[in-house]
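Below: one structure, written as structure tokens.
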Amino acid sequence: MWLRPLGLAILLAGIVMSGCATIDSTVSSAESQLKAPPSDGAGFVPVDLMYKRPDMPFNKAWLKQGVDWSRYRTIYIARVHTGYLMQANWWQQNFRVDHMQQDVANIAAFMRTQFMTAFWQDPNHRFRVVPAPERGSLILELALTELVPSDVLLDAIKIGGPYGSGVAAAVLERTTQAQSTVAFEARVKDADTGETVALFADREYAVARPIDLKGLTWYGNAEDIITTWAKQFVEIANKRPGEIIKPASTFSLMPW
């Protein structure tokens with residue numbers, strides 16, 4: 001079984017190093033193997049209600065039928081929940097275990113700020129961000145459910161290797177779960193009724209790059225993923241009927 005990811009790694013690295021014109025089609029076919037598998041769920045939202053929607057960028061989503069979304073004009077973004085992450089035991093094997101509590105708090109604060117900023121900067125001004133729920137508001141509640149930092153030493157070694165070796169290493173890391181990973185669960189509620197009107201969940205690995213400069217910091221890749229999520233939520237808020245919002249790419253030629 002290990003031959004398949006190894007073969008993919010060698011193929012991608014070889015194409016990157018050679019500058020082959022077929023890189024787009026090759027990377028496209030490899031997307032599913034580079035993609036992080038969905039989370040089983042941490043318990044913040046009922047995962048069994050959600051499913052993969054081809055028009056949404058996340059692993060799973062659920063929208064309540066019959067909701068008149070046009071009547072909502074403001075959104076309150078609550079502080080990010082971290083309790084489900086800290087109650088898990090997987091992070092206790094992490095090489096940042098002594099710093100994990102502060103790391104999680106910092107990333108949770110970053111996540112909330114990025115989501116608020118994304119809506120503030122929305123050129124369509126679909127939702128006005130409010131400091132507290134108002135009548136007619138939506139409430140976005142986010143939970144950070146997985147946070148695996150980059151292995152800075154390993155990424156430094158990869159950068160020191162031949163161009164393209166970072167892609168091969170990233171593919172192999174995915175088979176052993178030794179990869180920067182972030183996951184969230186979210187629910188959107190009607191501020192007037194308290195009713196849940198939407199659910200979302202996603203889990204992502206760091207983007208595979210020939211040279212990964214973001215991997216030289218513990219959470220550069222995690223912050224990159226979170227920033228993308230924030231932008232995708234704004235895209236969903238502005239989504240037109242029939243529009244498809246594609247997931248973020250799992251591969252990039254850019255080193256940052």
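The values are calculated or read from the model by the stated rules, or taken from the named source; none is laboratory data. Note that the coordinates shown come from a computational prediction; the quantities given were computed from them, not determined experimentally. All Cβ positions, even for glycine, are placed from backbone atoms using ideal geometry, and neighbour counts span all protein chains on display.
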>> Please count how many residues of segment 94-150 are assigned to a loop (DSSP other than H, G, I, E, B), among the small types (Gly, Ala, Ser) and modelled with pLDDT of 95 or more.
In response: 2
>> Given the criteria aliphatic (A, V, I, L, M), in contact with a Gly (Cβ under 9 Å, 6 or more places away or on another chain) and either at pLDDT 85 or above or in a helix (DSSP H, G or I) (or both), does Ala201 qualify?
In response: yes
> What is the residue count in segment 33-85 for residues that are assigned to a helix (DSSP H, G or I), within 27 Å of Asp192 (Cβ to Cβ) and among the aliphatic types (A, V, I, L, M)?
Replying inline: 2
